[in-house]
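Trainee: Okay, here's the structure, questions in a sec.
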Amino acid sequence: MPNSHVNQNAPSRRFSVLKNLWPFIRPYRGRMLLAFLLLCLGSGTLLLVPLAFRDLIDFGFGQQHRASSGWLASLSLNGHFIALFGLACVWALAIAGRYYTVNWVGERVTADLRSAVYARVMQQSPAFFETLQTGEVLSRLTGDTTLIQTVVGSSISMGLRSLFQCVGGMAMLAMTSFYLFSLNLGLMSVLMLPLFAIGRQVKKLSRESQDKIADASALAAEILNAVPTVQAYTQENAEIERFTRRAERSFITAVRRSRFRAALSALIIMAVMGSIVFVLWVGAQQVHAGEMSGGQLASFVLYATLVASGVSTLAEVWGDLMRATGATERLLELLHTQSTVTDASVCRNGLSATTAAAEIQFRQVGFNYPSRPQTPALEQIDFTISAGQSVALVGPSGAGKTTLFQLLLRFYDISQGAILFNSRDIRRLSLQNLRSNIAIVPQDAVIFSANALENIRYGRPTASDAEVMKAAQAAQVDEFIRRLPEGYQTFLGERGVRLSGGQRQRIAIARAMLKNAPLLLLDEATSALDTESEILVQAGLNAAMQGRTSLIIAHRLATVKKVDRIIVLDQGRIVEMGAPDELRKQSGLYARLANLQFDC
């Protein structure tokens, strides 16, 4: 599971976490090589500019120019200007090519990283979402990947360019005047120490800032999905205040991070410029004494400016890298999270894709939820459902009915015993193979932001329009869909806000019927329907259950009078099992529940 308490001060992890981005960059190493070559070309061209200026000053404005006369001097002077312009053109083209190439790689890597993280999250079991809010996942997919895109698509390139600029500039400074270079190098070495000290603090605050932003995003996602409830209880102002407090904490942390980055940049720039001004003062004394030419001093000034600019940019890049390191850590926590349910991806003897029968066996099954390991949710569950049978699960809330569904779908793995689907242990089946043979209608129907046609087609994406409409008719949903403004093409809104609860439930039933799986799971499928709609949909469900194995969770016992068998659960154990009429005659839990409902 993602762990928010990461050791921020471990020096060995400062940049090692960024190495984990290499698998995403590696497929585009050809473009990265091209960008590197363009970077070398641009940097090399830039380093030639001060030399051109040196010759231009010494020849065009110095003694060599005054010693020459006539058209020859004019031609040579023009040639120097043409050469200088040519260097500028090469430099401009190299920069443009590098910028496009690096940004392409940055955008591509970011898209791949987002897709990989999203895919990993989608493969997690429900236990993963018991401790991680959806809003935090969205924050990592957007904010954190944007930081990484900035580094991969810009900062790294700028950092390498500035590094080349610094190293090349220092080398040219040494060639121009080794004495001035020695002074400059000594001062620069001392000034690098604050960069490392403050940079570590920036990294820590960057991670903290991203966590605060994720907290605010998680709260916003939760409340925005529950606006009607918030408004019904007149808690708008309270929720606004709660979000404002989280946003304020994020702001305070971001300001602290910005303060350190600003101090880092100011310290480095002032110190570097101070050292350069001092070195130039010494150089001016040498020119005055005739120990170096004006062109040499001018080129030294330009090289020193390049070095200072490079160091300043490196300071900015260092801050970006610290922020990206924190963001990468957060993303890698998601990317490296292993699901508690292991997928049997290689299955030589799986369920047939065309099987029309499903026999289910629970053999002494026991289960504890990961979040409640000391409290058994199910104990010694043992029963068999023959192919084509319809079985109802009955019992009070918390008895374990929904847990049985979750185990059958392998949202969780059992703690003991075995669950068999057509005599095959479901742990030895791939999740895709197992779940493709199960259709479910949940109690809280999920409607996607799409039209009615696509919402039903979600059960079987390859189904034709005619097959979708046939399933809609069987679920008694066709009539009300055709009354919608655009019929089957009507957009149903986010989470189906344009539909009533009963209409959403009937869409979900049609979706399950379209899937046409051999095992049908109904989790109180008619709970949100009025009496008339319940009668219509129950007729459709009865047709869908014909010849198929059906497992039904029922709180309203009137809906399961015609099932083959009823299993009564209480506190995670099977307390009764038998036909509805037989259980009604006994004085057990089922009879008591039936008397409470039917005698009212």
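Trainee: So which of V391, V446 is out of contact with any Cys (no Cβ under 7 Å at 6 or more places or on another chain), in a loop (DSSP other than H, G, I, E, B) and either more than 30 Å from L593 (Cα to Cα) or of a type in the set (A, V, I, L, M) (or both)?
Mentor: Details: V391 fails: in a loop (DSSP other than H, G, I, E, B).
Only one candidate qualifies: V446.
Trainee: Could you give every pair whose Cβ atoms fall below 6 Å, whose first residue belongs to region 83-112 and is modelled with pLDDT of 80 or more, and whose second residue is surrounded by 14 or more Cβ atoms within 10 Å (Cβ to Cβ) and basic (K, R), counting only separations of at least 6 or pairs across chains?
Mentor: T101/R31; V105/R31
Trainee: Give just the number: which of (1) of a type in the set (G, A, S); (2) within 18 Å of I456 (Cβ to Cβ); (3) at pLDDT 75 or above does A594 not satisfy?
Mentor: (2)
Trainee: In addition: Consider region 211-225. How many of its residues are farther than 12 Å from R245 by Cα, without any contact (Cβ under 8 Å) to a residue 60 or more places away in the chain and not β-branched (V, I, T)?
Mentor: Residues in region 211-225 being farther than 12 Å from R245 by Cα, without any contact (Cβ under 8 Å) to a residue 60 or more places away in the chain and not β-branched (V, I, T): 1 in total.
Trainee: Quick check: is even one residue across region 554-564 acidic (D, E) and under 20 Å from D523 (Cβ atoms)?
Mentor: In the first step, residues of region 554-564 are kept if they are acidic (D, E); the result is 564.
Filter again for under 20 Å from D523 (Cβ atoms), leaving 564.
Yes: region 554-564 contains one or more residues that are acidic (D, E) and under 20 Å from D523 (Cβ atoms).
Trainee: Could you please tell me which pairs satisfy a Cβ distance under 9 Å, a separation of 6+ or placement on different chains, a first residue in region 538-552 that is assigned by TED's automatic domain parsing to the domain that holds D564, and a second residue that is among the aromatic types (F, W, Y) and at pLDDT 70 or above?
Mentor: L551/F405
Trainee: I'm told R457 meets every condition in (1) of a type in the set (K, R); (2) touching a helix residue (DSSP H, G or I) at 6+ places or on another chain (Cβ under 9 Å); (3) within 24 Å of A387 (Cβ to Cβ) except one. Can you identify the failing condition by its number?
Mentor: All conditions are met except number (3).
Trainee: Taking S189 as the residue in question, decide whether it is surrounded by 18 or more Cβ atoms within 10 Å (Cβ to Cβ) and either modelled with pLDDT of 70 or more or part of a helix (DSSP H, G or I) (or both). Write out each step before concluding.
Mentor: Details: surrounded by 18 or more Cβ atoms within 10 Å (Cβ to Cβ): no; either modelled with pLDDT of 70 or more or part of a helix (DSSP H, G or I) (or both): yes.
Criteria not met by S189.
Trainee: Considering each residue of region 503-528, count those that are at pLDDT 75 or above and either among the small types (G, A, S) or not assigned by TED's automatic domain parsing to the domain that holds S464 (or both), and give that number. Give the steps one after another, and end with the answer.
Mentor: Our first condition is that a residue be at pLDDT 75 or above; within region 503-528, this holds for 503-524.
Imposing the further condition that a residue be either among the small types (G, A, S) or not assigned by TED's automatic domain parsing to the domain that holds S464 (or both) reduces the set to 508, 510, 512, 517.
Matching residues across region 503-528 total 4.
The values are calculated or read from the model by the stated rules, or taken from the named source; none is laboratory data. Computed from a prediction, not measured in an experiment: that's the story for all the values here. Neighbour counts run over all protein chains shown; Cβ positions are idealised from the backbone, glycine included.
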